[in-house]
Every structure is written in C-alpha cells, then in structure tokens.
Amino acid sequence: MATSTNSEPASSATVAGVAIVASVILLVIRNTFRAQSSLDYIPSVGVPNGPLGFYRGALNYIKNARAITEEGYHKYPGKAFKIALANRWVVILNGPTLIEDLRKAPDDSISLAEGTNSMLHLEHTLGYEQHHDPFQVPVVRTTLTRNIGVCFPLVHDEVVAAFEDLVPVKGAEWTAVPAMQTILPVVSRVSNRLFIGLKCRDPEYIKLTTGFAQDVTQDAMLLHITPSILRPIAVRLFGHLEGATRSAMAHIGPIIQHRIEMDDKYGPDWPNEDRPNDMISWLLDAARGQPSRRSIRTLSRTLLNVNFGAIHTTTQGLLHALYHLASRPEYVGPLREEIEHVVREEGWTKAAMGKMIKLDSFMKECARISPGGAVGMLRQVVKDFTFSDGSTVPAGTLVGIPILAEHTDHAKYTDPDTFDPFRFARMREEAGEGTKHQMVTPAPDFLVFGLGRHACPGRFFAVNEQKLIMAHVLVTYDIQLKDGVRPPDEWVALLGAANSTAEVMFRKRST
Ligand code: HEM
C-alpha cells in the first residue's frame, strides 16, 4: 500500500515531465516555422540570417545583451527594433517619443502587470488573487511612504542590530564576509521591521523572504517551457508557492490572526496597547470590508509579494554601492564628512537622509551605471497599439526600453562610462537645480525605478533604506574588497546583476 502511494506522485511527475519535454520540442518547431509577419517590418538586431536564425539570435542575446541592445540603440535612433529573447521577440522602444508613448499608454492597451505576468507567470508563481487584486500597490505608494519618517527610528535600530549580528568584526582586525549573503538578510530584516515588526529577526523567516524570489524565478523558468494547459499541473508538482505560503502562514499567521481579532473587536483604537504601525496594519486597513483580502492566507501571500518586490532590488543597489566604495577609498572621506555633519544636526532621521546630497548622488550614480540590466520597463501590448511614428505593434507583443543605453548616452551625460559619484551633487549645486537630480526622481535619463504612473511606488522607502544602510556602514566600518578590484557584474540575457560571490572585508573604523 505504502509503495503504491509513494509511486503515484513519481509516475505522474514522470508523465508531466515527458509531456513538458515533448511540448518544448513542439514549441521550438512551431516557433521556428511560424510566420511572425506582424513584426517583420521592425528591424531585428543580433539575429543572423539563415536556418534557425531566431534561435541563434536568442543564444547570442543571452551572452551579449548589452552590446546587442546598444547596437540597436545607435543604429535605429528614434525607431523601434526587436531582439530575440528565449522564445519570443521583444520590441525595444528607442528614443524619447516612443518612451513617452509607452509612459502615456493606458493599462488596457499596454500593461505592466501582463508584461510581468508573461515573464514571471505571476498567476502561478505569486498566486491568482495576487495578480488580479494587487491591493498592496497603493498601500506601498501612499501609506508606507507617508510613514517612513515616523517609523525611521525602528528602521535605524534594525540596521544597527542587523550589522552587529551579521558582520562580526573584532576590533581592528579585518573580517571578510560574503557580500550578497550578508546584505540580503540585512535588507530582509530592515524592510520587514517595517512590514511585520521584530519577527523580522527570525532566521527561518529571513530564509523564506530571501529565498522566495529564487523560487519564483525557478518556477517561472519551468512554466516558460510548459504549455499553458499543463501549467497548473506543473505548478502543483514542482512549484514552490504553496510551500512558501504555508511557511509564511506558520511564521506570521499568529501575528495576523491577533491583529484581525483586535481589529474586529476595537477597530484601529486598541484600549490597552498601541496598534502596531506596520505593513500588516496598513494592509488590514486596505482590506476593510473585503473578506477576500482579510484572510491569513491572502495577507501572508501579499507580504511574500511585497518582499519579492522589495528585497532583491534594494540589495542589488547596495551591493553595487559597496563594491564601488570598497574599490575606491578616495570617496570615503567626503561621504563620511557629509554624513557626520548632517547627523550632528538632524540625528538619524528621514530629514537627515534628505540632506545627504553626496550620498544620494553616489547611490544614484551606482544605479545609473548598473540599472539591473540592458532593458527595463517591460510591458505586454494587450490591444494592438499604434505608436506616434505610425508603427503598429500587435497584442501579445512584449515591449521594453533600452535603459542602460539611455543611462550611458553621451548626449545625456558627460563621460557616461566613467563612474563619477558626485556628478548629480554638482548638478544640484547649480542655480534652481537644488531639488532636481535626486535618486528618487524618475526621469527619461534615469529609469531604474521606471517612469510615469507605474514608477516604483516603493522607491521613497528603498532610497531612504539604502542611504541609511550605506551611511551606517560608512561611519561604523572601514571596508575593502578581499580581491582588491571591483568584482564584475553578472549578466544573463537582458539582466545584469551585482556580483553574487565577492567578499567584502570590514573592520571597526580606525579614523
Ligand atoms: C532600489 C530598490 C528598487 C528598485 C530598483 C525598484 C524598481 C522597480 C521597477 C523598475 C518597477 C517597475 C516600474 C515600471 O516598469 O514602470 C517597480 C515596481 C514596483 N515596485 Fe519597486 N523597486 C525597488 C524597491 C521597491 C520596494 C522597497 C518596494 C516595496 C516596499 C517596491 C514595490 C514595488 C511595487 C509594488 C511595484 C509595482 C508597481 C505597479 O504595479 O504599478 N519596490 N519597482
């Protein structure tokens, strides 16, 4: 009996595995011979002529995304071009007019949610209700942003505690730590101090929040090669969402349960204790009168989703900043001087972060040089769309912006390939420019947070968090790279990430 029960999942997994492999082969054959005539008039870049040209182009793009995108950017100024990505074309919108078209396009014509869904299969990897009712987005945009100032002492407290735990320096001795594996849990703790309170320190919860993005990506890769009809089965057999949801419910379910009970009894004014001012409460406020949002399961998943958007993105910016700083010690002095001067006047507050103009410039320059990849602002066309140059792109097409080429264009920046950490601080010194050129402000020449109404709603928190963490590192430690030179970014297709294996050395600050 036990044997047959055990063998059932194995054999259905084998059948599903065989079905998936067969489907991949059929998909390749179908794509190879399918006429993609509706996009034929858009020139392709990096795709050779001849047999299997599309697939050779897709392989080429995996290795040379930056160069290929830049080639198209310079070859077709102001026009669209297309690149081969895995099993589909991506139309790259090049130049200010097409970017403006994208920014202004209504969601029912060109959709961020559907673009992300088609890349990451959100309905399966984050959950159907998460994809169709992302009620955390306005909560992040308004309530979280409004509360950054008042919650700042907690966030600062967590930064200090996280570094004490995760960077165990001993006096004047150098201690090497793996950068990614250290900063990721720091960011998880600091972000979740604001999301769920002190439970953010639970090592198992940190493992869950930091590992979830990898689960989503892995599941999405599997689903990419699985035909849509088989996806629900593939997810049930191999997916991570159910397990992650159960684990999130085990960790934060009791907190949410207590919060719901107290809210049901007293509303927002609790009699004997203060209602915690955190993401759980803010989400519950947004769920008032909506039972589908108010369950422990939905709220646990929503928090997983918020973590998915918040942690790796913030970590990437910090890793770039750490690597630049550790390889260029000449920037430490001016940054420390600014931070100490501002903190003497303002303390560790949000207002202080606003006054750290050199640090803001440093962080922004890191993001300008390494915005996360060659192409960003990916969207799916959901209704045939005619751009202002007259070209029509059919429903189902993925479109994006060549963000790295925009960020490193000579027409936009002086010496764009040089890391010049205080370039934005100098711009802000010019008359009338004091409040411009801040990291948090999206612009056509700074697209790391996107642009327009979908520009990252968490960017105000993210920039404050990144600046606070870097300011803490700068005034607390001396740092250097274990191998001396800035470790190279890691590129896979259109994504360019900070190095994931480098070690950074810390010691208690000596001067
Ligand atoms: C440095 C860190 C971050 C970066 C670089 C970043 C970047 C982005 C980008 C590029 C987008 C898409 C914008 C577009 O395509 O127009 C986005 C969307 C989003 N981000 Fe961030 N993000 C960061 C941190 C955060 C944080 C900390 C949170 C939450 C606390 C967050 C929550 C979101 C949400 C909810 C969306 C979806 C917006 C929508 O659907 O309209 N992000 N982010």
Over the chain: helical MRE at 222 nm, DSSP H runs n ≥ 4 each giving -39500 (n - 2.57), nearest 500: -18000 deg cm²/dmol
Once you have a ≥ b ≥ c as the square roots of the Cα gyration tensor eigenvalues for region 315-380, tell me rounded if a/c is under 1.5, and otherwise prolate or oblate according to whether a/b is larger than b/c. oblate
Applied in sequence order to region 71-84, the curve 6.51 cos²θ - 1.76 cosθ + 1.60 (Karplus, θ = phi - 60°) yields integer Hz couplings, x standing for Gly and Pro, of 4, x, 4, 7, 6, 10, x, x, 10, 7, 9, 10, 10, 8
Convert each backbone phi in region 384-399 into a coupling constant with the Karplus relation 6.51 cos²θ - 1.76 cosθ + 1.60 (shift: θ = phi - 60°), then list the ³J(HN,Hα) values in order as whole Hz, x for Gly and Pro. 2, 10, 9, 7, 6, 8, x, 7, 10, 10, x, 3, x, 7, 8, 10
Separation of alpha-carbon centers, region 181-226 and region 120-154, rounded to whole Å: 15 Å
Simple label model, 7 Å out from Cα along Cβ direction - Leu230 to Lys75, nm: 3.5 nm
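Please calculate how many Å² of accessible area the chain carries per residue, with a 1.4 Å probe and no DNA, RNA or ligand atoms counted. Mind dumping the intermediate values first?
Numbers: 22800 Å² over 511 residues.
On a per-residue basis, 45 Å².
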For region 206-332: rounded, prolate or oblate by the Cα gyration tensor [a/c cutoff 1.5]: oblate
Got a number for carbon plus sulfur as a percent of the chain's accessible area, 1.4 Å probe? 58 percent
Would you check the accessible area of Leu303, probe 1.4 Å, heavy atoms only, in square angstrom rounded to 10? 0 Å²
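Would you tally the net charge around Ala161, using a Cβ to Cβ cut-off of less than 11 Å, leaving Ala161 out, and scoring K and R as +1, D and E as -1?
Working: positive: Arg189, Arg193, Arg201; negative: Asp157, Glu158, Glu164, Asp165.
Around Ala161, the surrounding residues sum to -1.
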Net charge dipole size for the chain [Lys, Arg +1 and Asp, Glu -1 on Cβ; Debye, nearest 20]: 540 debye
For Lys482, counting only lysines whose alpha-carbon sits under 28 Å away and dropping same-chain residues fewer than eight positions off, the answer is Lys63, Lys170, Lys207, Lys358, Lys364, Lys467, Lys508
I'd like the distance between the alpha-carbon centres of region 82-97 and region 260-310, rounded to an integer number of Å. 40 Å
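Give, in nm to one decimal, the length gained when the segment between Phe135 and Lys355 is fully stretched (0.36 nm per residue of separation minus the Cα-Cα distance).
Values: separation 220, 0.36 × 220 = 79.20 nm, distance 3.24 nm.
Answer, rounded to one decimal: 76.0 nm.
Please state the shape class of the chain: rounded when a/c is under 1.5, otherwise prolate if a/b exceeds b/c and oblate if not, all from the C-alpha gyration tensor. The partial results should precede the final answer.
On the way: a/c = 1.57, a/b = 1.14, b/c = 1.38.
In terms of gyration-tensor shape, oblate.
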Express in Å², to the nearest 10, the accessible area of Val169 obtained by rolling a 1.4 Å probe over the protein heavy atoms while all chains stay in place. 30 Å²
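With a 10 Å radius around each residue's Cβ, average the other Cβ atoms per peptide and rank 371-384, 95-108, highest first.
Values: 371-384: 20.8, 95-108: 15.6.
The densest-packed peptide leads the list: 371-384, 95-108.
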List the residues whose amide H sits under 5 Å from the amide H of Arg507, counting only those 5 or more places along or on another chain, with H placed 1.01 Å from N in the peptide plane. Thr175, Asp478
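With r defined as the distance between the Cβ atoms of Met427 and Thr97 and R0 fixed at 30 Å, what FRET efficiency is calculated, to the nearest 0.05?
Rounded to the nearest 0.05, the efficiency is 0.75.
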Where the centre of each part is set by its Cα atoms, how far does region 65-81 sit from region 346-361, in angstrom? 37 Å
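The values are calculated or read from the model by the stated rules, or taken from the named source; none is laboratory data. Since the model is a prediction, treat every value here as computed from it, not as a measurement. Because the Cβ atoms are built from the backbone with ideal geometry, glycine has one as well, and the counts that use them run over all protein chains shown. SASA here: full protein model, heavy atoms, side chains in, ligands and nucleic acids out. Shrake-Rupley method; radii C 1.70, N 1.55, O 1.52, S 1.80 Å.
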